[in-house]
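Visitor: Take a look at the following structure, please.
The values are calculated or read from the model by the stated rules, or taken from the named source; none is laboratory data. Predicted model, so just to flag it, every value in this text is computed and none were measured. A quick note on method: Cβ atoms are made from the backbone with ideal geometry, for glycine too, and the neighbour counts reach across all protein chains shown.
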Amino acid sequence: MAMPSVRGQPGPTPMCRMNLFFAEPFRKEFMKTISGFSEEDLNAIQIVRSERVTRTLGEFLLRCNYHESVHTGQFLAYLRTIGLNRPNIWE
């Protein structure tokens, strides 16, 4: 997986590149699965988590995305705290 630098900043480290390469088939399969859901599926399928609120599939996926973005923000804050630039893996 070629990860060029963006806007003059260095690209991902070798370890980051390795992790992105490892995750790529899982990401593709996830995107394929998500793309297969109809609007009806997103509203009708119920996700039941033990001892938690039941949500529609659409609500659950939105919450998963939000949760991941929170952790991304935490990670970026940690990088800034130790004086590192963020890797350009989201470009």
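Visitor: Pull up segment 61-91, narrow it to residues that are among the aromatic types (F, W, Y) and under 17 Å from the mean Cα position of the chain (by Cα), then point me to the one that is modelled with the highest pLDDT. Spell out how you get there, then give the answer.
Guide: Here is the first cut: in segment 61-91, the residues among the aromatic types (F, W, Y) are 66, 75, 78, 90.
Right, trim to under 17 Å from the mean Cα position of the chain (by Cα) and you get 66, 75, 90.
Values: Y66: 93, F75: 86, W90: 63.
Looking at the filtered set, the residue picked out is Y66.
Visitor: Still on this structure: Filter segment 23-44 down to the residues that are loosely packed, with under 11 Cβ neighbours inside 10 Å and not charged (D, E, K, R), then identify the one that is farthest from the chain's Cα centre (by Cα).
Guide: Ranking the qualifying residues of segment 23-44, first place goes to S38.
Visitor: Pairs under 6 Å by beta carbon, first residue more than 18 Å from N19 (Cβ to Cβ) in segment 66-91, partner at pLDDT 85 or above and aromatic (F, W, Y), six or more apart or different chains?
Guide: No pair meets every condition.
Visitor: While we're here: Within segment 45-74, can you find the residues that are aromatic (F, W, Y) and surrounded by fewer than 11 Cβ atoms within 10 Å (Cβ to Cβ)?
Guide: At the first step, the residues of segment 45-74 found to be aromatic (F, W, Y) are 60, 66.
Result: Y66, single match.
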